[in-house]
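The values are calculated or read from the model by the stated rules, or taken from the named source; none is laboratory data. Quick caveat, the model's predicted, so the values are computed rather than measured. We place every Cβ from the backbone using ideal geometry, glycine too, and count neighbours over all the protein chains shown. We work out accessible area using only protein heavy atoms, side chains counted, and drop any ligands, DNA or RNA first. Shrake-Rupley method; radii C 1.70, N 1.55, O 1.52, S 1.80 Å.
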Amino acid sequence: MERRDPSAIALVILIAGSALVFDPGGWQTFGPTKWLVITVAAWAALTGSVRRGLVVHRGSAIAWGVFVGWAILTSITALEPVSAFLGTPERRLGLVGVATMAVAYLAGQQIDSAHGRSRIARTMAVTLVALGGYGLAELAGLDVELTTTTDRLGATYGSPAYLGAALALLLPASLGLLAQGGERPAWRITGAIGVVAGLGLLVGSGTRAAAVGLVVAAVATAVAWWPWARRRPLATAAIAAGVTLVVVISPLGGRLADLESNPLAASRLDEWSVAASAVARRPLLGAGLEGYRVVFPGVVSADYVRAYGRATVTDRAHSGPLDLGVAMGVAGVAAWLLAAVWLTLRAVKAAGGTEPALIGMAAGTVALLAQEVFLFPTLEVGVAGWAVAGIVVTATRTTEPFWGSRSTHRMVVGALAGVTGVLLVAGALDVAADHRAAAARASDDLAVADAAVALRPDSFRYHLLAADIAARAGNLPEAGVRLQAARRIAPLDPGLRLAELRVQAGGPPSPETLAAAEAAARADPNHPQVRIIQGDQLAEAGRGAQAERAWLAAEYLSPADPAIPLRLAHLYLETGAVDAAGDAIERLRRLEPDHPQLADLEERLAET
């Protein structure tokens, strides 16, 4: 690529933007803006590359074509085709996301010079320095406020897991820039700051998957790093000391060591067992991309729910191969494993040279793949990772078969430019809709929420927001209309199912609402909230025995929830089941000794 090639600039924007762009004024701070930058930059990079003439690795290009073709087939047969094609609003890893990864890989292969690789390494180091700066702001309480259940750092990703994946990719490249002998001192200092920032963020995020990935990458490329380490013993000793502090002293070290109470082993194995059951249920074509959240309720066990709860919608398998296996069948598992092995071998080969920047990118590729065994593919990091993988593969072109063309037909260029334009418009509309959704949440204004829906009617998140606002205002019919619209997009989504039940519970029970609650319990038998709401409907309809069964099922699934024995205690007192009422009151006392209704319940029990 030429030094000022726009497609190379698009790759720089992709790598930096995928990490650093976020939107404090939006409803989903780290979602729509990242999607806009990632997709548009990746497709723009490929469009510019094709216009100048493309050089691609033949075997892997064919493999990507087959994989995308299989993804199209599994999206057509998916349980929820709309989500399979477009991705869910939370994760965005549908067919569009998979195709964007392939596009980034092809565009990355056009970086075929030491200068181009150096520019990408600089970009990765600067990005890591900026991430470190945001991490410091986060520690000081100056970051964007989030509703979160962890005090671990998430930086500009809003998630420790996503940050860890980014560190696996970026940290080795920063080390490579530091070690690059021909670089100007300012850039090497930037690399050094990036390494320090990366280690600090690794500690703050406490992400074990990233730590494992970096260790695997260090082992795989150790021979390539050795000459530099031998020539600079002081720098090597400083890096070794920093790593030792991370492993031995920091909270991350404790998380790595304490696998029993904070189990990388137990919880991951349980999650993988559930995911394996989902793969076995649809082994040929899978559930479709983004389909795990749909099949999860049918395969998760009551014991799993007792141990880990159902506070959020489970939409990923926490393992790259299993995640693709659930989505695309056994072929997805095989595709991930083959790609990981092949890319690792290519990365080790590329690292065999004497160019530290390339060695760093090769190590980052290996680290990203290795950590994905314990995490899942992500659009936010994965697209940048595949762009870097393309750069690494191109560095082996002297020993690998490549296709090359001096020019490409204008229709192909026009088609790619058209896709880029569509993604730009869709992304801009999503950002605008996200801002309107934020305003609607702040004001509880149904009209504003409907305006967000009008901008992106394909996103069930905005329909659900409008339904929630209508329900809280007591306008249950309007809430129902908006939930039905969301259902047409994602008919099997467990979160929408639960939202519908809650709306129905706001009105009097009827044969229709009782039938809906029963259907929800059949579809998702191990969700405690579904069972609670079902019990509430049955109790209000005067079906005390059935309500008791529903609430007892909920109590087994969620034994720490005091709301369930409270309901049972009221039911038993009303029906004269004194002994059962006493047991329920005792369970409530153990869970919440200061519960405001406890004294009244005990008084009623004494009077019976």
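Is it true that Ala499 is of a type in the set (A, V, I, L, M), under 23 Å from Val300 (Cα atoms) and buried (at least 22 other Cβ atoms within 10 Å of the Cβ)? So Ala499 does not fit the description; no.
Of the residues making up region 284-295, those that are at negative phi, in a loop (DSSP other than H, G, I, E, B) and surrounded by 14 or more Cβ atoms within 10 Å (Cβ to Cβ) are Leu285, Ala287, Leu289, Gly291. Scan region 296-345 for residues that are of a type in the set (Gly, Ala, Ser) and either under 16 Å from Trp386 (Cα atoms) or not in a helix (DSSP H, G or I) (or both) and jot them down. Listed by number, the residues that qualify are Ser301, Gly309, Ala311, Ala317, Ser319, Gly320, Gly329, Ala335, Ala339, Ala340.
Do we find a residue being within 18 Å of Thr88 (Cα to Cα) and assigned to a loop (DSSP other than H, G, I, E, B) anywhere in region 439-454? No, that holds for no residue. Of the residues making up region 479-491, one or more are over 24 Å from Val448 (Cα atoms) and not small (Gly, Ala, Ser). Applying the selection to region 167-199, what residues are at pLDDT 85 or above and farther than 14 Å from Gly360 by Cα? Result: Glu183, Arg184, Pro185, Ala186, Trp187, Ile189, Thr190, Ile193, Val196, Ala197, Leu199. Candidates in region 474-495 are the residues that are modelled with pLDDT of 90 or more and of a type in the set (A, V, I, L, M); of these, the one that is most open to solvent (accessible area, probe 1.4 Å) is Val481.
Only one entry of Leu153, Leu142, Leu175, Leu136 meets the criterion of being touching a helix residue (DSSP H, G or I) at 6+ places or on another chain (Cβ under 6 Å), over 17 Å from Ala16 (Cβ atoms) and open to solvent by 30 Å² or more (accessible area, probe 1.4 Å), and that entry is Leu175.
Note on region 81-136: residues that are farther than 20 Å from Gly286 by Cα and not in a helix (DSSP H, G or I) total 7.
Taking the criterion of being open to solvent by less than 10 Å² (accessible area, probe 1.4 Å), in contact with a helix residue (DSSP H, G or I) (Cβ under 6 Å, 6 or more places away or on another chain), of a type in the set (Val, Ile, Thr) and at pLDDT 90 or above, would at least one residue in region 344-363 satisfy it? Yes: region 344-363 contains one or more residues that are open to solvent by less than 10 Å² (accessible area, probe 1.4 Å), in contact with a helix residue (DSSP H, G or I) (Cβ under 6 Å, 6 or more places away or on another chain), of a type in the set (Val, Ile, Thr) and at pLDDT 90 or above. Number of residues in region 99-117 that are touching a residue at least 40 places away in the same chain (Cβ under 8 Å), farther than 17 Å from Thr396 by Cβ and either open to solvent by 10 Å² or more (accessible area, probe 1.4 Å) or of a type in the set (A, V, I, L, M) (or both): the value is 6. Take region 46-90 and flag every residue that is within 18 Å of the chain's Cα centre (by Cα) and either open to solvent by less than 10 Å² (accessible area, probe 1.4 Å) or under 15 Å from Met328 (Cβ atoms) (or both). Matches in region 46-90: Ser83, Ala84, Phe85, Gly87, Thr88.
Within region 559-588, work out how many residues are over 25 Å from Asn526 (Cα atoms), open to solvent by 40 Å² or more (accessible area, probe 1.4 Å) and part of a helix (DSSP H, G or I). Within region 559-588, residues that are over 25 Å from Asn526 (Cα atoms), open to solvent by 40 Å² or more (accessible area, probe 1.4 Å) and part of a helix (DSSP H, G or I) number 4.
Taking the condition within 26 Å of Trp43 (Cβ to Cβ), in a helix (DSSP H, G or I), open to solvent by 20 Å² or more (accessible area, probe 1.4 Å) and of a type in the set (Val, Ile, Thr), does Val431 pass? Yes, satisfied.
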